[in-house]
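The values are calculated or read from the model by the stated rules, or taken from the named source; none is laboratory data. In this text the structure is predicted, and so the values were computed from the model without any measurement. Note that we place each Cβ from the backbone using ideal geometry, even for glycine, and neighbour counts take in every protein chain shown. Just the protein is used for accessible areas: all its heavy atoms, side chains included, with ligands, DNA and RNA removed. Shrake-Rupley method; radii C 1.70, N 1.55, O 1.52, S 1.80 Å.
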Amino acid sequence: AGVSLKGRDIMSAPLCFVSILLALMAGSRATDYNLPFMEYLDNGNLVHLKWGFDNVQGNITFQLTVNTTGWVGFGFSPRGDMDDADIVMGGLESNGSYFADYYSIGEKMPEKDEEQSYNLLSVTENDGQTIMTFQRPIETCDKKDFHITSIKLIYAYGATDNIKYHGTFRGTKEVNLLNYMPKTVPPDARYLSITVPSNKTYYHCKVMKLQDLPTKHHIYQIEPEIEHQEVVHHMLLYHCPSFVKEPYDKPCYMGEIGDACFGVVASWAVGGRAYELPENTGIPIGGTQSGTYYRLEIHYNNPQKKEGIIDSSGLRLYYTDKLRQHDVGILTTGVFPVSHMMYDIPPKAAEFHSYGICNTSFFHFHPQLVDPIPDLQVFSVLLHTHLAGRKVRVGHFRKGKQIDFLGVNENYDFDMQETVNLGSIKTIKPDDEIIVECIYNTSNRTQSTMMGLSTSDEMCLAFLFYYPAINITSCTSRPNTTLLSTTSTTLCVKITASKKICFNNFCYHCSTTHRFTDMALSGT
């Protein structure tokens, strides 16, 4: 069964924007034991990728099948274009196969990489298709090769074996190659539609009850229904605390009681598609929560001030009464996202670092939690900043020492946000700390950037997907700006890809020093 939540809004003004999404690449499991994963990279199903790997320190094997008998290309890109792309191109011509490792530094013909890190295993042509199988180490020693993580895949091909400009025969898709999860869709899925009436608004919220379910159910899949892709920028469904007992249909963040609904249940934002939870997990609804209210928030971004747009986008939630093993919770961590703070990112900054801290020792003081608090098993993470964000890192600390990362994106793209499966379960124990580091670039800005909801503001958030669910929805911090100074003290919180850290409860932000002592904790 399913629930479809739809919004309708008429817009005639420029809109503010905060983007929070839940998205996972959809696909199905292939039959090749050595290449168990598959994904179509284009909408027309003309470019088909299969892949497999032995372990995250070993080799990864690809098989690219393209509907052409000309050259084919495949690669990795930080932004989905040709700039700084790691590419292989090859094919089969009359005198045999050709194949090479290339590196692109702009919108021009790629250059052959001095170090050839890819190994061609085979290339054949069959029924008008080119099938190219090749292999490379997951992490090479070549600085021009990408370390394989969740990154944008690019492809291109031509009608002949003369490698030249691809024209429209190219595309990009973001796939988490090492933590891929195939999608399964039950054939008998049903859904219920709920319509949000027309309103002129920036953020529109409808507080409502979902379908009355007398027994507990699990949401297992979330699918967006987008009518106007050019203006719909995010949709969020929150569950509300028990004191929210009345429905309403109004603009968001105007001081209404529903503004307290912040337990994320489902979401979509620009770049996102359908999201399916792991087979042993589900988001609980119904049963003892049948009386719970939910807040549907739809945000539109209309910088061109187009008038007369009527939108009917929404979220379709698939649920089942066949309960899965674990109840899923989503924990918001990072810098407190809602209220404006006297904490600005300066203009003309190539790298500005912000930090948010979640100290789970505070969970012991929450009135709705009973000791002992269970270990939280984190399986996915969603990283979020706005337009100035360039990198996001989520450090995991125990007894004052960093033990792991819960998420790292060194090539953050505002328009390509998705939930990333971690590949292995990360255990957060009571008293652990989670530090979210965001790195911004404001080189092209002449004004300071505030922390807030607007697209032109900034955020620093990481949404942790975990089980078993507890009654904590948010664990964020705010910088204590009373300690602002103009000193150049270099005390810092620094989380790097090499997992080196200097940490003494201070952070250094472009010649200002802030101590993080104010932490916000909320639950249901």
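Counting lysine pairs in segment 193-325 whose alpha carbons fall under 26 angstrom apart, excluding pairs fewer than 8 residues apart on the same chain, gives 17.
For E256, E111, E225, E174, give me the order by solvent-accessible area with a 1.4 Å probe, most accessible first, ignoring ligands, DNA and RNA. Spell out each step's value before the answer.
Details: E256 60, E111 95, E225 35, E174 15 Å².
Listed by decreasing accessible area, they come as E111, E256, E225, E174.
Over all pairs of distinct alpha carbons, what does the Kirkwood formula give as the hydrodynamic radius of segment 328-481, in Å? Walk me through the numbers on the way to the answer.
Working: mean 1/r = 0.0626 Å⁻¹.
About 16.0 Å for segment 328-481.
In the context of the full protein assembly, W71 retains an accessible surface of approximately 10 Å², using a probe radius of 1.4 Å and ignoring ligands and nucleic acids. Considering only alpha-carbon pairs that sit under 8 angstrom and 6 or more positions apart, the relative contact order computed for segment 47-107 is 23 percent.
With only alpha-carbon pairs counted, each pair once and no self-pairs, how large is the Kirkwood hydrodynamic radius of segment 403-477 in angstroms? Mind dumping the intermediate values first?
Values: mean 1/r = 0.0655 Å⁻¹.
Final number for the Kirkwood radius of segment 403-477 is 15.3 Å.
Per-residue SASA remark: I310, around 80 Å² accessible (1.4 Å probe; ligands, DNA and RNA not included). With every protein chain present, what is the per residue accessible area of segment 193-325 (1.4 Å probe, Å²)? Roughly 42 Å² per residue, with all protein chains present. Taking 0.36 nm per residue of separation and subtracting the current Cα-Cα distance, fully stretching the chain between Q116 and D321 would add 68.5 nm. In segment 328-481, Cα pairs under 8 Å separated by at least six residues give a relative contact order of 46 percent. Per atom type, segment 193-325 shows carbon and sulfur on 50% of its accessible surface, probed at 1.4 Å. Here the relative contact order of segment 193-325, from alpha carbon pairs under 8 Å that lie six or more residues apart, stands at 47 percent. Per q in 0.15 Å⁻¹, report the Debye log10 I(q)/I(0) for segment 43-152, using one uniform scatterer on each alpha carbon and no solvent. Computed log10 I(q)/I(0) values: -0.65.
Note on I310/F243: beta-carbon distance plugged into 1/(1 + (r/R0)^6) with R0 of 45 Å gives a FRET efficiency of 0.85.
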